[in-house]
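> A single structure is presented below for examination.
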Amino acid sequence: LGRVHALRRQFDLAMPRLEAAVGLNPSHAQAFFGLGQSLWYAGRPKEAIRLLDTAIDLSPHDPHRWSFLHDQSEAYFALGRLADAERSALAAASLPNATHWPWLTLAAVLGEANKREKASEAVNQLLLRRPAYSLHTAQHEFGHFSDKTFVARYLEALKIAGLKP
């Protein structure tokens, strides 16, 4: 329920439920992930990274590990820690069940770092997974983020990476 509230940007409702889940089972990686993801969506990347690290440590073979690493990468990006963001995005993208998201974030990270050749390669990998993906699609998918400055930076970095409107 906390994650549903977070996706609806109802962070005042989400956080207590997710904190309760962590309290009820402090070894449940998904609870830490949910709380970390919600903190990230609420614009609190430093706190999110710590909780996502805990989720990764608690369940190193979790089927959602790519999500843990991906959200961590975005939080690092928000903080300007591009080397850490690149490392997490690459780790997420290397997992066999990863979706297009890690490639999208990797393209943004590499675009922001002005690594144009690698960024273009990441965009190509993204388009293999989602052929019609565009900047417009990315803008729509980031509608739930509180930090609009992050979203603007991310979209600008995707332009630099070569993602088309």
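> Given the criterion touching a helix residue (DSSP H, G or I) at 6+ places or on another chain (Cβ under 7 Å) and either without any contact (Cβ under 8 Å) to a residue 12 or more places away in the chain or closer than 12 Å to Phe145 by Cα (or both), identify the matching residue among Ala42, Ala21, Ala55, Ala29.
Ala42
> Can you work out which of the residues in the range 4-40 that are among the polar types (S, T, N, Q) and assigned to a helix (DSSP H, G or I) is farthest from the chain's Cα centre (by Cα)?
Applying the filter and picking the extreme gives Gln30.
> From the list Ala152, Ala138, Ala55, pick out the single residue that is buried (at least 20 other Cβ atoms within 10 Å of the Cβ) and either under 22 Å from Arg3 (Cβ atoms) or not assigned by TED's automatic domain parsing to the domain that holds Ala14 (or both). Before the answer, list the steps.
Details: Ala152 fails: buried (at least 20 other Cβ atoms within 10 Å of the Cβ); Ala138 fails: buried (at least 20 other Cβ atoms within 10 Å of the Cβ).
Matching residue, one of Ala152, Ala138, Ala55: Ala55.
> For the range 98-113, which positions are free of Cβ contacts under 8 Å to residues at least 40 places away in the same chain and either in the same structural domain as Ile49 (by TED's automatic domain parsing) or more than 14 Å from Leu126 (Cα to Cα) (or both)?
Across the range 98-113, the qualifying residue is only Ala113.
> Every residue in the range 58-89 that is under 13 Å from the mean Cα position of the chain (by Cα) and not in a helix (DSSP H, G or I), please.
His64, Leu79 - these are the residues of the range 58-89 that are under 13 Å from the mean Cα position of the chain (by Cα) and not in a helix (DSSP H, G or I).
> Looking at Arg81 and the list (1) of a type in the set (Lys, Arg); (2) touching a Leu at 6+ places or on another chain (Cβ under 9 Å); (3) under 22 Å from Leu35 (Cα atoms), which single condition is not satisfied?
(2)
The values are calculated or read from the model by the stated rules, or taken from the named source; none is laboratory data. Quick caveat: nothing in here was measured; it's all calculated off a predicted structure. Every residue, glycine as well, gets a Cβ built from its backbone with ideal geometry; the counts of neighbours run over all protein chains shown.
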